[in-house]
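To start, the structure itself, in structure tokens.
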Amino acid sequence: MPVDVAGLISTTADLLSGDPALKAVIVRVEGSAPPVDADAELLKIVIQNLLVNGAQAMHGQGAISISLEPIDGLC
């Protein structure tokens, strides 16, 4: 089933702001990408783990930048 990656990343990043330990982390999502065929729930778990690990590595403060860009020939 097609998944809007940018929307999924933004929604998952918003969940981080609800965690008091990670409230000072800003997540920036730039660019766009076409929908991908994936399991939305599994992809959400992967994105959440990456964001939480990044936020913890920054001790709960700072910015995470995510840049989306389609790859020629794969879309």
- Query: Which residues, counting only those in segment 1-10, are modelled with pLDDT of 90 or more and open to solvent by 40 Å² or more (accessible area, probe 1.4 Å)?
  - Reply: Pro2, Asp4, Ser10
- Here are some residues: Ala24, Ala13. Which one is within 10 Å of the chain's Cα centre (by Cα) and either surrounded by fewer than 15 Cβ atoms within 10 Å (Cβ to Cβ) or in contact (Cβ under 8 Å) with a residue 12 or more places away in the chain (or both)? Ala13
- Item | Total residues in segment 32-70, condition small (Gly, Ala, Ser), open to solvent by 60 Å² or more (accessible area, probe 1.4 Å) and closer than 22 Å to Met1 by Cα | 1
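The values are calculated or read from the model by the stated rules, or taken from the named source; none is laboratory data. It should be emphasised that the depicted structure is a prediction, and the values quoted were computed from it without experimental measurement. Counting neighbours? That spans all protein chains shown, and the Cβs are built from the backbone with ideal geometry, glycine included. Note: accessible area is taken over every heavy atom of the protein model, side chains too, but ligands, DNA and RNA are not part of it. Shrake-Rupley method; radii C 1.70, N 1.55, O 1.52, S 1.80 Å.
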